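Worksheet: the structure to be examined is printed underneath.
FYI, it's all coordinate maths here, none of it is from the lab. The shown structure was predicted, so the numbers you read here are calculated from the model rather than taken from an experiment. All Cβ positions, even for glycine, are placed from backbone atoms using ideal geometry, and neighbour counts span all protein chains on display.
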Number of protein chains: 2
Amino acid sequence: MIDFDANGKNKYYSLYKTLREDIISGKMRGGERLPSKRALARMLGVSVTTVMLAYGQLAAEGYVCPRERSGHFVEKLNGVPNLNKKSSPLYGVGKIPSVKSGEETRRYSCDLVKGVLPAQLFPFSTWARLMRRVLNDCGEHLLERVPKDGDAQLKYAISAYLFRSRGMEVDPRFIVVGAGAEYLYGVIVQLLGRDKPYAVENPCYTKIPSVYALNGAKCLPVAVGEKGMDLRSLGKLAACAAHVSPSHQFPTGAVMPASVRAGLIDWANSVDGFIIEDDYDSEFRLEGKPLHSMQSLCPSRVVYVNTFSKSLAPSMRLGYAVLPPVLYDKFMRSFPDGASSVSLFEQKTLAAMLDGGYFERHVSRLKNYYRTVRGKLLDKLAGKCEVYDTGAGLHLVARFPSEECDEKIKLVAAERGVRLKCLSDYLISPRPELDLCAVINYSGLTSEQLD
Amino acid sequence: MIDFDANGKNKYYSLYKTLREDIISGKMRGGERLPSKRALARMLGVSVTTVMLAYGQLAAEGYVCPRERSGHFVEKLNGVPNLNKKSSPLYGVGKIPSVKSGEETRRYSCDLVKGVLPAQLFPFSTWARLMRRVLNDCGEHLLERVPKDGDAQLKYAISAYLFRSRGMEVDPRFIVVGAGAEYLYGVIVQLLGRDKPYAVENPCYTKIPSVYALNGAKCLPVAVGEKGMDLRSLGKLAACAAHVSPSHQFPTGAVMPASVRAGLIDWANSVDGFIIEDDYDSEFRLEGKPLHSMQSLCPSRVVYVNTFSKSLAPSMRLGYAVLPPVLYDKFMRSFPDGASSVSLFEQKTLAAMLDGGYFERHVSRLKNYYRTVRGKLLDKLAGKCEVYDTGAGLHLVARFPSEECDEKIKLVAAERGVRLKCLSDYLISPRPELDLCAVINYSGLTSEQLD
């Protein structure tokens, strides 16, 4: 029996929870069709909208799959026991991690959540050619133990690339190569410790605090506005580090102005803390020149993190951090030898890609492509919502002031085969003023999808 | 000025420390020659043996390089500041992590510490051929996001391999692929938490507790004897898990008998804890059949960990864990999507290697090879020491009861161009009864080196 909350507003949520538990526990089996919205609404004595919202939430999270004109069907889950246990307390209610991996995308004709590069844009033949070349050129050297901070050739290639593309003067020595951003966040926790909390932007890419939490670090949310992180709130926390994305905040799109950058550096200096500069999509600034990095402003206080997953392919687990010398030193002392997390072969291939200029040519092609996508997208959105877009990367925020609630926005989109999330989905603590804002990540869109 | 301890026994250590600091701080420069032992001994009013021991320790740790007939020369360090800060408290005095990466091996003609497969044994042409095939066959599918637990094809291939080689019946679903053993230890901490300590074998591969410590977990040493971990001591700790290598303990070589295995499982059941079965070299049991794994005895309590770094190449960062269903479930719920730490390309190549039987052919060739190496080695050692060898893997213990101390054993070896460590180098807390035992890891030896 469904136990509706006293609060009428949460009816859809109770219904959604009950159905979810039935799916997880196996009471409802994969392939089974849910009752029609109208029938279930009548049966339970609730409105059709309530049922619609519950179904929409289940669909958005991959528990059911809507099929046009034939209703909603339960997805096959991987029959893993105990799925309905609570997840980590930081991410309690409402953030049920998806049970399936890599399959969600396929049920939607258009995915505005995952930022996966359309496959046809990847320079596959170049990459394959470089792999073959590395295999021939390096031969058995590829078997050697990789230094824990990464292959020297790749470190130099990254340093040179950062200079060419971002004007950053980075001593290649202080670069550490690692298997993707998540891995590098873990390294950061290992270097900065778990005694003091980490300030993270609210809202943010939820992977960030969840990876910190997995690594035993406590995260405290700090509101992020048009000008980036709120420094006054930050000052009140005894944080050891602030994780920010100053070039293009995800999901708000905010670009941190120089005054706030300076204030943040002052904060780090005054508390002997660090700034983690997450530069995840700075390559894709579509308007104007890339901004000066914070790392360039204060190399002794800033850990700069970036990856090639966004610009090359998510299947390549390759990122890097530029560490302040004191942290690099700690890394070299405390990490075990031979514990590089990326194979030498992949490091050499990427180095060849950077050194040969192939990567920059690829990024510049991508930027042209995304300028077209963005133009078409802005045309489509015109008049339907308020668009907040700084042109600094591959997502924008669309506000629908006349909609009822965020769930409704997602539901309407889902019924049209569009998967999207709202700013509220990325909040760690509530900020009702950010309601009714859809986050439109267009990095996975093809130009044809918008015709 | 050198400040000798009151305790005469530590004279060499004070000398070693002073010299080390001078090298790190740059007072003594790379390439500089140390004074002759005799001259320095006279200058300081200590015995030549004291100087010899200090130089030996410096050489063993890569700060100086002995050149035959011309003395000791300071190595070039990477001029990183603050190198002389203390390392993690768990590994305080005497365990100075090496400053250099991948270069130590070259200065010794014979390295009995690092277990790096001689390059000529790696099936390079097979590997390169498989890589080309994967590149052609999979094409753009290689760009897809990798499921966080690993590529399904590789998981099946590992499961089938474990059945063929070890008689293990493992549901491929519960396998998690990760970038090497160190990465997987981190995952284990993320799953089992940091509230309760982890029991580790004393002595052990020191990377193990240092990686746990980096991940914020506390380690408690439990003495390991001929029959593996001491269960009575284990029972007194409120540990959440015991990390053991039952097939072939490193470095003692002990093989855990069935009674102790059963006792360990009883322990895990009674405290609701887990056993981490580190099966790092079970492929290389040179005498008799491989032992039954603990994972097969109690899949709900055992996390089985193994890698391909030992049997293929250390530059390939590829390992896997077989998780109990409850932990697998937790992994799938709490880890962010798309966070696999190994690229799809490498996973597909390894899957092809396992499925095609190439890996097993390679291991069987290696075993024949190492049988020869071991035979020659035992001949060489005969009469010079007491050998403890169970034939269960690629290292053995040689006891030199008539030597003065462990430092002397290493020094004598270093002067002959041989790098080795003693059991005491792998201790977390002291066990004087294990003195005078050299650990001879012959996995990096070529047969010719023993002629």
(request) Fewest Cβ neighbours within 10 Å first, please rank A:Glu407, A:Glu201, A:Glu144 accordingly. (result) A:Glu144, A:Glu407, A:Glu201
(message) Give me the dipole magnitude in Debye, nearest 20, for segment B:355-438 about the Cα centre, with unit charges on the beta carbon: positive for Lys and Arg, negative for Asp and Glu.
(response) 480 debye
(message) How shielded is A:343-353 by partner chains, expressed as the average number of their Cβ atoms within 10 Å of its Cβ atoms?
(response) 3
(message) Suppose only helical runs count, i.e. DSSP H with n ≥ 4. What mean residue ellipticity at 222 nm does that imply for the protein assembly as shown under -39500 (n - 2.57) per run, divided by all residues and rounded to the nearest 500 deg cm²/dmol?
(response) -11500 deg cm²/dmol
(request) Per residue of segment B:424-440, in order, report the coupling 6.51 cos²θ - 1.76 cosθ + 1.60 (Karplus, θ = phi - 60°) as ³J(HN,Hα) in whole Hz, putting x for Gly and Pro. (result) 4, 5, 9, 7, 9, 10, x, 9, x, 5, 9, 5, 6, 10, 8, 9, 10
(request) Using R₀ = 41 Å, calculate the FRET efficiency as 1/(1 + (r/R₀)^6) where r is the Cβ-Cβ separation of B:Glu68 and B:Lys218; round to 0.05. (result) 0.35
(message) Along the charge dipole of the protein assembly as shown, pointing to its positive end and built from +1/-1 on Cβ of Lys, Arg, Asp and Glu, which listed residue (A:Cys240, A:Ser447, B:Leu327) has its Cα farthest out?
(response) A:Ser447
(message) How big is the dipole moment of the protein assembly as shown about its Cα centre under a simple scheme where the beta carbon of each Lys and Arg is +1, that of each Asp and Glu is -1, and everything else is neutral? Debye, nearest 20, please.
(response) 380 debye
(message) I want to verify the translational diffusion coefficient of chain A in µm²/s; compute it with Stokes-Einstein, Rh as the Kirkwood radius over Cα pairs, at 25 °C and 0.890 mPa s.
(response) 104 µm²/s
(message) Going 7 Å from Cα along the Cα-Cβ axis for the label, what nanometre distances separate A:Ser25 from the same residue across the other copies?
(response) 7.0
(request) Please name which of A:Leu297, A:Tyr212, A:Ile24 has its Cα lying farthest along the dipole of chain A towards the positive end, using unit charges on Cβ (Lys, Arg +1; Asp, Glu -1) and the Cα centre as origin. (result) A:Ile24
(message) At q = 0.07, 0.08, 0.11 Å⁻¹, what log₁₀ I(q)/I(0) does the protein assembly as shown have when each alpha carbon counts as one equal point scatterer in the Debye sum?
(response) -0.60, -0.78, -1.43
(request) Specify, for chain B, the residue whose C-beta is closest to the rotation axis mapping it onto chain A, with the distance given in whole Å. (result) B:Gly216, 2
(message) Can you list the copy-to-copy distances for A:Val48, using a point 7 angstrom from Cα toward Cβ, in nanometres, shortest first?
(response) 10.1
(message) Helix B:152-166 against the longest principal axis of chain B: what's the angle in degrees, Cα atoms only, rounded to the nearest 10?
(response) 70 degrees
(request) Could you work out how far apart the two model spin labels at B:Lys236 and B:Glu403 are, taking each label as a point 7 Å from the Cα in the direction of the beta carbon, and quote it in nm? (result) 3.1 nm
(request) Would you mind listing the distances between the A:Ser259 label point and the same position in each other copy? Use 7 Å along Cα-to-C-beta, nm, one decimal, shortest first. (result) 7.8
(message) Please list, ordered by chain and number, the residues whose modelled amide H lies under 5 Å from the amide H of B:Cys422; skip anything fewer than 5 residues away on the same chain.
(response) B:Val439
(message) Cut-off is 10 Å between beta-carbons; in what order do B:Glu226, B:Glu68 appear when sorted fewest neighbours first?
(response) B:Glu68, B:Glu226
(request) Treating only the Cβ atoms of Lys and Arg (+1) and Asp and Glu (-1) as charged, compute the dipole magnitude of chain A about its Cα centre; round to the nearest 20 debye. (result) 960 debye
(request) Specify the angular offset, from 0 to 90 degrees and rounded to the nearest 10, of the alpha carbon long axis of helix B:344-355 from the longest principal axis of the alpha carbons in chain B. (result) 80 degrees
(request) Taking H placed 1.01 Å from N in the peptide plane, check which residues at least 5 places from B:Gly178 or on another chain put their amide H under 5 Å from its amide H. (result) B:Gly319, B:Tyr320, B:Ala321
(request) For A:Thr18 and A:Asp355, compute 0.36 nm times the residue count separating them, minus their Cα-Cα distance, and round to one decimal in nm. (result) 115.8 nm
(message) Between helix B:48-60 and chain B, what is the angle of the helix's C-alpha long axis to the longest principal axis, kept within 0 to 90° and rounded to the nearest 10?
(response) 30 degrees
(request) Kindly state, to the nearest 0.05, the FRET efficiency for B:Thr372 paired with A:Phe124, given R0 = 35 Å and r defined as their beta-carbon distance. (result) 0.20
(request) Given a cut-off of 29 Å, name the pairs among A:Lys148/A:Lys196; A:Lys17/B:Lys218; A:Lys37/A:Lys421; A:Lys196/B:Lys236; A:Lys421/B:Lys348 whose C-alpha atoms lie farther apart than that in the structure shown. (result) A:Lys17/B:Lys218; A:Lys196/B:Lys236; A:Lys421/B:Lys348
(message) As I understand it, the dipole of the protein assembly as shown uses +1 on the Cβ of Lys and Arg and -1 on the Cβ of Asp and Glu, about the Cα centre. Which of B:Val260, A:Ala41, B:Tyr280 lies farthest toward its positive end?
(response) B:Tyr280
